Every structure is written in structure tokens, then in C-alpha cells.
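Reviewing the structure listed below.
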Amino acid sequence: MARPQPATMSHSAHLDSFARDHLPPADTWPEIDLSHPNYAYPERLNAAVELLDRWIETGHGAARCLIGAGATWSYRDLQARVNRIANVLTRELGLVPGNRVLLRSANTPMMAACYLAVLKAGGIAVGTMPLLRAGELKAILRKAEISHALCDAALKEELEAARASCPGLTVLRTWNAEGAESLDALMARQPADFDAVDTAAEDISLIAFTSGTTGEPKGCLHNHRDLLAICDGFSREVLRPEASDLFCGSPPLAFTFGLGGLLLFPLRVGAASLLLEKASPPELVKAIEVHKATICVTAPTAYRAMLAALGGHDVSSLRKGVSAGEALPKATSDAFFDATGLRLIDGIGATELLHIFISAREEEIRPGATGKVVPGYSARVLDEDGRPLPPGRVGRLAVKGPTGCRYLADARQRKYVRDGWNLTGDAYLVDEEVYFWFQARADDMIVSSGYNIAGPEVENAVLTHPAVAECAVVGTPDPERGALVTAFVVLKPEVKASPALAEAIQDHVKASIAPYKYPREIEWRDALPKTQTGKLQRFRLREAGAS
Ligand code: 3UK
């Protein structure tokens with residue numbers, strides 16, 4: 001199949017060609033497969049027009065769109081904000097199509113409006129997680145050569161500190177701020193209409209930095225078409241939301257899990273989204289009850305914690321829950337089902353592929369499996385030499401489809417993409433019925449006394465013990481076995497740790513999976529280290545276990 005080439009100068013709307021110039025070499029691209037009818041898009045496409053303006057044109061402008069920060073905006077309200085911001089960017093702040101705009105805020109309607117305004121003005125949005133510090137922001141500012149930044153005033157300090165050594169960032173405006181130069185004041189002086197820049201479908205729309213644990217952050221380039229492809233892939237085919245839905249959840253809009261699940265998916269179907277600045281599991285439970293949210297989007301550990309916070313709260317409005325970021329243990333899926341009657345939709349996504357590419361509709365879910373490929377994607381399990389393995393064998397997951405990995409100027413492109421396939425770094429097996437079963441991150445497989453042990457399988461067994469709230473299983477160095485299967489366990493609040501309990505948990509595991517996999521070491525913890533995207537930081541536990 002021919003690989004589409006990067007948008008050429010002649011049809012790109014970008015006057016600033018930075019993103020195009022820093023796309024990976026064409027021979028290192030993944031194959032982009034648009035053959036499924038859902039992904040037949042025109043050559044010219046501005047995602048903000050399709051997601052927002054379309055609804056006002058078709059008479060849906062008065063419908064509820066975004067709720068958050070004490071306000072409710074209709075589609076028309078959001079469009080007016082987006083247009084004012086786009087006018088500020090292009091008329092007052094000198095934005096040229098193709099310039100990169102850093103966005104920094106908790107999840108709020110204003111953050112969503114800034115994203116869409118950058119897209120509409122032909123800029124490239126670079127969202128940043130609220131918890132990032134100056135050093136991390138500096139790396140992003142430099143790598144993406146960012147010229148403009150829009151920031152919630154509450155979060156400006158770290159950005160200002162980063163800016164001191166990033167002269168390329170010439171324009172920084174804050175909202176929720178006083179003064180004639182605040183974004184609020186600038187918006188008030190601009191009209192509420194704006195003609196969208198006529199971008200090519202393949203013009204870059206955003207750079208998503210991965211939440212990687214080591215090394216320089218990797219910037220994933222995604223175009224306007226990609227933003228729609230995830231809506232017309234996982235969301236339309238698996239999640240199947242309706243205009244009457246109210247989405248809610250925790251992932252930051254700067255994380256593509258949150259951007260898709262809390263902004264793009266609801267807008268694609270004319271639904272509404274509740275954007276919460278604080279979305280801890282108990283806050284999420286309360287928000288679902290108060291706002292009668294119908295779709296929840298969060299990480300598996302958060303669903304488990306929500307169970308503990310359910311007491312007395314009515315979450316019966318919920319009709320769907322999406323779990324991603326890490327494998328959803330069967331134990332958590334079953335416990336959530338028992339408590340709510342909802343079968344959570346697990347799905348594996350990646351920043352490199354923008355969103356979820358393997359998942360299953362509720363009626364097809366096999367708890368414990370991730371699911372089947374999302375229509376339009378293909379996936380296989382490969383051996384060490386890159387040859388496809390038969391069903392039942394554990395190997396490396398390879399995937400391709402309408403979206404794929406294009407790192408911004410990064411030699412690691414050649415590692416993630418081989419022969420047109422994206423290699424996610426996950427160990428998987430596929431069964432006879434073409435369900436994909438997650439085993440571990442390839443570097444999280446534990447090799448103990450010559451056995452390959454997948455930490456998550458042991459975690460799932462530990463999690464079914466009634467005393468356990470959270471658990472992470474890693475291999476810690478051991479002179480005899482190579483690695484020792486070690487479980488870091490957070491107990492439920494009313495339970496006390498004891499050697500007898502450790503032994504009971506070990507026996508419980510031996511009774512539920514092959515005994516050689518049981519955790520020989522159990523360490524009690526009050527909490528487990530997690531990334532801002534809700535992933536367990538197993539490498540930290542390995543380090544802790546090694547010392
Ligand atoms: C792991 C999963 C098992 C897996 C993401 C949904 O997580 C997202 O993107 P990241 O770039 O990380 C990608 C890696 O995370 N993973 C994610 N989901 C699952 N492992 N089961 C799952 N359901 O190792 C993958 O390679 O942070 C998730 C949507 C958008 C995203 N960016």
C-alpha cells in the first residue's frame with residue numbers, strides 16, 4: 001500500500017513549516033491505512049470546523065456543550081469563545097498558521113476553547129499537564145520551538161520560570177487574570193466570528209508529548225484528520241456515544257486519552273462534557289451524582305478507588321465507563337460490575353497512535369482481555385525477529401491503521417516503527433477468536449528462575465484478595481533467581497498489615513494462578529507511585545526493591 005506523503009508546500013495552509021520540516025523521514029513512517037469507509041475524509045479539513053462549527057450550522061447551537069469552572073456553555077457559547085481567542089491569536093498576537101501554541105491549565109471549558117481556537121487559526125496546539133515544572137516545560141518549549149503560550153493565571157509561575165531561558169517564547173497571555181493584556185481583556189475586544197483557516201487534512205494540528213519516564217520527551221505529531229479518525233474509530237464503533245450523553249473523567253486534556261475522551265468524542269456527536277479541575281476518585285463519584293454524568297473516562301486504578309468511594313452516592317446515571325492507560329485487571333472489572341452493573345470498556349491506546357486501537361463493545365467484552373482491533377486497525381503479535389506468532393504465544397504487539405507514530409525530530413522513530421507497523425512496547429497474546437490479551441510492558445516482564453512472569457497477572461490475583469486496595473508486582477534483583485516476584489500492596493483502610501496476612505495473600509495467589517508465579521516478597525505501602533497520567537511507576541518500585 002502506498003504511504004501517504006507529508007502535506008506538500010502547495011496544499012498546506014501552514015506558512016510556518018516547522019512541523020512539516022521535522023516530520024520523520026518518509027521511509028520510517030508507519031503505514032497509514034485509510035481504506036475503512038469511516039476514514040474517507042476530504043483533502044482539506046479543519047478539525048475545529050467539523051467538531052464545532054458544524055453543529056451551529058445544523059441548528060444544534062443551543063445544545064449543552066461544556067460544563068465546568070462554574071459555567072455551562074452551549075455549542076454557540078463555545079464557538080463565540082473560540083472565535084474570540086482565534087481573533088486574539090491572529091490579529092493581536094501575530095500567530096501565523098503552523099506556529100506552536102503551548103496551552104497550560106487544568107481541565108476547564110476555557111482550556112478546551114483554547115485548544116479549538118488554536119486549531120481553527122491553523123496553529124499547532126501543545127497541551128501541557130498542570131503538574132509539569134519549569135524544567136519539563138523548558139524541554140517542551142525548546143523541542144517544539146514554541147512561540148506563543150496561553151495559560152490559566154493560576155499555573156503561570158512554572159511557565160514564567162521556564163520562559164526566562166526560552167527566548168523563542170515571545171508571547172505569553174494568561175486568563176482568569178486582571179489587566180488590559182490578559183486574555184480575558186483581549187477577548188472582550190474581539191468579535192465573536194472568525195473564518196477558520198483552510199487547513200489540509202494532513203496539516204499538523206497538535207504535538208502530544210509522551211509521559212515517558214526517561215530521556216528527552218518525545219513529541220508525537222498528529223494532523224487534523226487524526227483528530228477525527230479517533231472519533232470515527234474507537235468512539236463511533238466501540239463506545240457509541242449519543243448526543244444526550246454527558247461525559248466526565250479525570251485524564252488531563254494535555255494527555256490524548258483526555259483530549260479524545262473528554263473533548264473530541266463528545267463534540268463529534270453533539271454531546272456534552274463535564275470538565276473537572278479536580279477529579280480524584282471521590283470527586284469523580286460526587287460529580288457523576290450531582291451532574292448525572294452518563295459516560296466516565298479514567299484509569300483502572302481510579303475505577304478501583306471509586307468503588308471505595310461509592311458508599312451512599314447514586315451513580316445510576318452512568319451508562320458507560322472507559323478504562324485506559326494501563327491494563328484493566330479482571331478483578332477490578334468484576335468488582336466494578338458487581339457494584340454498579342456496568343461492564344467497563346477496557347482499551348489500549350498510545351500517544352503515538354493518538355487514542356485507543358484495541359477494545360471491545362460491552363456485549364463483546366471478555367473480562368481480562370483488552371479486546372479486538374478497532375475497525376480500520378490491524379494488529380499482530382511478533383516474535384523477537386519480527387515474525388508473526390500463532391495464537392496463544394506471547395510476543396510484541398504491532399499495530400497499524402488510520403493513525404500512527406510520527407515523532408518530532410527523533411531518532412527513536414526507527415524503534416517505534418518497523419516495516420510500517422507501530423511497535424507499542426507491550427507484550428501481548430492473541431487467542432483463536434482474535435481477542436488480544438495484555439501480558440506486560442515488554443520491559444516489565446519478570447524473569448525469575450527461568451520463568452517468564454507477567455507482573456499484571458500476579459497483580460490481578462493479589463487484587464482479588466479482600467484485604468487489598470491496590471497492588472503492583474515487579475521483579476526485584478535476586479542473586480539466586482535473577483529476579484524475585486515482589487508485590488507492593490496497599491491495604492484497605494480498616495486492615496492491619498501482618499506476616500500472617502502476607503502469607504494469606506501468598507496462599508490466595510497460589511490457589512488462583514500457577515503457584516510458581518506467587519509473590520515471594522510482599523512489601524506494605526501507604527500509596528503506590530503513579531505518573532500524572534495514572535500509570536503505576538513500576539521502575540520506581542524496582543529501584544526501591546533493589547535498595
Ligand atoms: C499502556 C495499556 C494495557 C501500554 C493512552 C488511551 O496510555 C495512553 O498513552 P501513553 O502514551 O501510553 C501507552 C502505553 O500505555 N496502556 C495503555 N492502555 C492500556 N496497557 N491495557 C490498556 N488498556 O503500555 C501502551 O503502550 O501514555 C491510552 C488513549 C490515549 C492514550 N494516549
| task | Give the calculated FRET efficiency between S280 and A335 to the nearest 0.05, with a Förster radius of 25 Å applied to their Cβ-Cβ distance. | result | 0.85
| field | R366 versus A71: modelled label distance in nm, points set 7 Å from Cα along the beta carbon direction | value | 4.8
| message | At 1.4 Å probe radius, can you tell me the per residue accessible area of the chain in Å²? | response | 39
| request: Can you tell me the dipole magnitude for segment 449-546 around its Cα centre, using point charges on the Cβ only (Lys, Arg +1; Asp, Glu -1), in Debye to the nearest 20? | output: 240
| note | So, with points 7 Å from each Cα along the Cβ direction, the R387-A514 label distance in nm works out to 2.3
| query | Based on Cβ point charges of +1 for Lys and Arg and -1 for Asp and Glu, what charge dipole magnitude is obtained for the chain about its Cα centre, in debye rounded to the nearest 20? | reply | 320
| Label points 7 Å out from Cα along the Cβ direction at V495 and D443: separation in nm? | 3.1
| task | Give me the number: length gained by fully extending D507 to R91, i.e. 0.36 nm times residue separation minus the C-alpha to C-alpha distance, one decimal in nm. | result | 143.0 nm
| note | Surpassing 29 Å at the alpha-carbon level, of the pairs K492/K535; K278/K510; K320/K415; K156/K535; K415/K517; K143/K372, are K278/K510; K320/K415; K415/K517; K143/K372
| remark: Subtracting the Cα-Cα distance of L131 and S244 from 0.36 nm times their residue separation yields 37.4 nm
| message | When a/c reaches 1.5 or more, the comparison of a/b and b/c decides; with that in mind, is segment 61-239 rounded, prolate or oblate per its Cα gyration tensor? | response | rounded
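Could you tell me which trypsin sites (Lys or Arg not before Pro) in segment 193-301 are loop residues by DSSP with no more than 12 other beta carbons within 10 angstrom of their beta carbon?
Answer in residue order: K278.
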| said: Just to make sure I understand: if all protein chains stay in place, what is the order of H36, H465 by accessible area at 1.4 Å, largest first? | reply: H36, H465
| task | Mind pulling the angle between the C-alpha long axis of helix 330-340 and the longest principal axis of the chain? Nearest 10 degrees, somewhere in 0 to 90. | result | 70
| query | Can you pull out the trypsin sites (Lys or Arg not before Pro) in segment 366-404 that DSSP calls coil and that have at most 16 other Cβ atoms within 10 Å? | reply | R393
| remark: Carbon and sulfur atoms account, in whole percent of the 1.4 Å probe accessible area of the chain, for 50
| query | Can you tell which of A327, L342, L353 lies farthest toward the positive end of the dipole of segment 263-353, using +1 and -1 charges on the Cβ of basic and acidic side chains (Lys, Arg; Asp, Glu)? | reply | L342
| message | Could you compute how much accessible surface T332 exposes when probed at 1.4 Å, giving the result in Å² to the nearest 10? | response | 0
| message | Just want to confirm a number: the relative contact order over the chain, from Cα pairs under 8 angstrom separated by 6+ residues, in percent. | response | 13
| said: Taking loop as defined by DSSP and a crowding limit of 15 other beta carbons within 10 Å, which GluC sites (Glu not before Pro) in segment 354-406 fit? | reply: E384
| query | Taking 0.36 nm per residue of separation and subtracting the Cα-Cα distance, what length does fully extending T58 through E237 add? | reply | 62.1 nm
| field | Charged-residue dipole, Cβ positions (Lys, Arg, Asp, Glu), segment 61-239 about Cα centre, Debye nearest 20 | value | 140
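Let me have the relative contact order for segment 399-547, percent, based on Cα pairs under 8 Å that are six or more residues apart.
17
The values are calculated or read from the model by the stated rules, or taken from the named source; none is laboratory data. Quick caveat, the model's predicted, so the values are computed rather than measured. Glycine gets a Cβ as well: all are built from the backbone with ideal geometry, and neighbour counts include every protein chain shown. For the accessible areas, the whole protein counts, side chains as well, though only heavy atoms, and no ligand, DNA or RNA atoms are used. Shrake-Rupley method; radii C 1.70, N 1.55, O 1.52, S 1.80 Å.
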